[in-house]
Amino acid sequence: MNMKKWWIALTLAGVSTLATAGEQVIVYNWSEYIPEDTLQKFKKETGIEVVYSTYESNETLYTKLKLMKGAGYDVVVPSTYYVSKMKKEGLLQKVDKAKLDNFKNLDPDLLNKPFDPNNDYSVPYLWGSTGIGINVRDIPEDSISGWQDFWNPKFKNQILLTDDVREVFHMALRIKGHSANTTDEAHIKEAYEYLKELMPNVRVFNSDAPGEPFLTGDVSLGMIWNGSVVQAQEDNTDIQYLYPKEGAVFWMDSFVIPAGAKNVENAHKFINYMLKAEVAKDCVDYVGYATPNKAGKALLDDETASNPTIFPDKETLDAGEFHNDVGDAVLIYDKYWQLLKAGK
């Protein structure tokens, strides 16, 4: 292809002529977690092709990155304590914030968290909570106030739980008066024994699309992510979200660059693009989770910006917990998790 035809081809494809042909960034993200046209807009602005694939759990992401020794991807999006876990295991490289002009858009109150002090390795993307989903057509909203209501025998074979060991143990630990970040095996075992009593009420574990069983009518009560409720409400406004009195799970999903990334410059360009105010605003509108981007939040309509399901108040936030890396105690959690799911 001659130079003139090559130039025309790039222009017709919507690709910036300032970029070198063949540039790419390989992104591994949660499913349904970015607006459908965002990747195309990024390519149009930068000329960089996004090679994009998705996963359904932090465990899947971690296992794949571990097996590949931090290679294979340029940007991935782990949750909260998985950042510190992967950092400690040498799976991540530092982020060069000097290359992120839009880092200034982030809310300082949502930076410098224990899982990554000073945000040396991570850049916040979206944050949210895991609380209680309820179909108020089937169950009166004022009859449910906390996690402990799940243990009511009248809900036999009716409860949905996320398929996440730390989130499920969070419920029982908080009910028993312990931190959801405890490393004390006695506390974890106590939570396990209490969760065993809950199992007859559990209909399904779902961390793929926890809103779907609510929409199909398979469940009317359970553990769910706030964004899943926001999305489900587009089809059924009877599905509501409650923050449990014992405290919700709070989490932060962040952009990180794996240690073996091949397109590091393009990774920074992608992250910087995602930090644009208008892009952050689009992400909230699409997925229903909160943005840590103050400039982006300022662009939201009043109804969205004031929606407590998306943006909880300080009192609600203070009542819950962000999960931290529990180190070797993860093996204790996993032991009791396997016993719980095996019915032992």
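So, of the residues in the range 72-116 that are farther than 25 Å from Q24 by Cβ and acidic (D, E), which turns out to be surrounded by the most Cβ atoms within 10 Å (Cβ to Cβ)?
D116
Within the range 199-208, can you find the residues that are farther than 24 Å from D253 by Cβ and either assigned to a strand (DSSP E or B) or in contact with a Gly (Cβ under 8 Å, 6 or more places away or on another chain) (or both)? If you could, list the steps in order and put the result at the bottom.
Initial filter on the range 199-208 (farther than 24 Å from D253 by Cβ): 199-203.
Within the range 199-208, M199, V202, R203 meet the criteria.
Condition first: in contact (Cβ under 8 Å) with a residue 24 or more places away in the chain and either surrounded by 22 or more Cβ atoms within 10 Å (Cβ to Cβ) or aliphatic (A, V, I, L, M) (or both). Now tell me which residues in the range 48-71 satisfy that.
I48, V50, V51, N58, L61, L65, M68, A71
Identify, by number, the condition in (1) polar (S, T, N, Q); (2) closer than 23 Å to G211 by Cβ; (3) within 18 Å of the chain's Cα centre (by Cα) that S306 doesn't meet.
(3) is the only condition that S306 fails.
So how many residues does the range 21-43 have that are within 28 Å of E59 (Cβ to Cβ), buried (at least 19 other Cβ atoms within 10 Å of the Cβ) and of a type in the set (D, E, K, R)?
0
Within the range 153-179, count every residue that is assigned to a helix (DSSP H, G or I) and either charged (D, E, K, R) or over 22 Å from the mean Cα position of the chain (by Cα) (or both).
Applying the first criterion (assigned to a helix (DSSP H, G or I)) to the range 153-179 yields 153-155, 165-175.
Still in the list and also either charged (D, E, K, R) or over 22 Å from the mean Cα position of the chain (by Cα) (or both): 153-155, 166-167, 174-175.
The total comes to 7.
What's the number of the condition Y52 fails, among (1) over 15 Å from N266 (Cβ atoms); (2) in contact with a helix residue (DSSP H, G or I) (Cβ under 7 Å, 6 or more places away or on another chain)?
Tallying (1) over 15 Å from N266 (Cβ atoms); (2) in contact with a helix residue (DSSP H, G or I) (Cβ under 7 Å, 6 or more places away or on another chain), Y52 fails exactly one: (1).
Can you tell me which of E234, E278, E193 is without any contact (Cβ under 8 Å) to a residue 24 or more places away in the chain, under 25 Å from N181 (Cα atoms) and surrounded by fewer than 19 Cβ atoms within 10 Å (Cβ to Cβ)?
Unique residue meeting the criteria: E193.
Within the range 117-125, can one find any residue that is surrounded by fewer than 18 Cβ atoms within 10 Å (Cβ to Cβ), within 16 Å of the chain's Cα centre (by Cα) and in contact (Cβ under 8 Å) with a residue 12 or more places away in the chain? Give the steps one after another, and end with the answer.
Filtering the range 117-125 for residues surrounded by fewer than 18 Cβ atoms within 10 Å (Cβ to Cβ) gives 117-118, 120.
Remaining after also requiring within 16 Å of the chain's Cα centre (by Cα): none.
No, the range 117-125 contains no residue that is surrounded by fewer than 18 Cβ atoms within 10 Å (Cβ to Cβ), within 16 Å of the chain's Cα centre (by Cα) and in contact (Cβ under 8 Å) with a residue 12 or more places away in the chain.
When only residues in the range 196-212 that are aliphatic (A, V, I, L, M) and within 18 Å of W151 (Cα to Cα) count, which is surrounded by the fewest Cβ atoms within 10 Å (Cβ to Cβ)?
At the first step, the residues of the range 196-212 found to be aliphatic (A, V, I, L, M) are 198-199, 202, 204, 209.
Adding the requirement that they be within 18 Å of W151 (Cα to Cα) leaves 198-199, 202, 204.
Values: L198: 19, M199: 12, V202: 22, V204: 15.
Going through the qualifying residues, I end up with M199.
For the list (1) touching an Asp or Glu at 6+ places or on another chain (Cβ under 7 Å); (2) on the phi > 0 side of the Ramachandran plot, I need the number of the one condition that I134 fails.
Single failed check for I134: (2).
On the basis of being of a type outside the set (D, E, K, R) and over 22 Å from the mean Cα position of the chain (by Cα), does S143 make the cut? Don't jump to the end; show me each part of the working.
On the way: of a type outside the set (D, E, K, R): yes; over 22 Å from the mean Cα position of the chain (by Cα): yes.
Judged against the criteria, S143 is a match.
Looking at the range 180-190 only, could you name the residues that are assigned to a helix (DSSP H, G or I) and either of a type outside the set (A, V, I, L, M) or farther than 14 Å from A329 by Cα (or both)?
Of the residues in the range 180-190, the ones assigned to a helix (DSSP H, G or I) are 185-190.
Selection gives E185, H187, K189, E190.
The numbers here are math on the coordinates, done by the rules we state, and not lab data. What you see is a predicted model, and the numbers here were worked out from it, not measured in a lab. Positions of Cβ are generated from backbone atoms using ideal geometry, with glycine treated the same way; all protein chains shown enter the neighbour counts.
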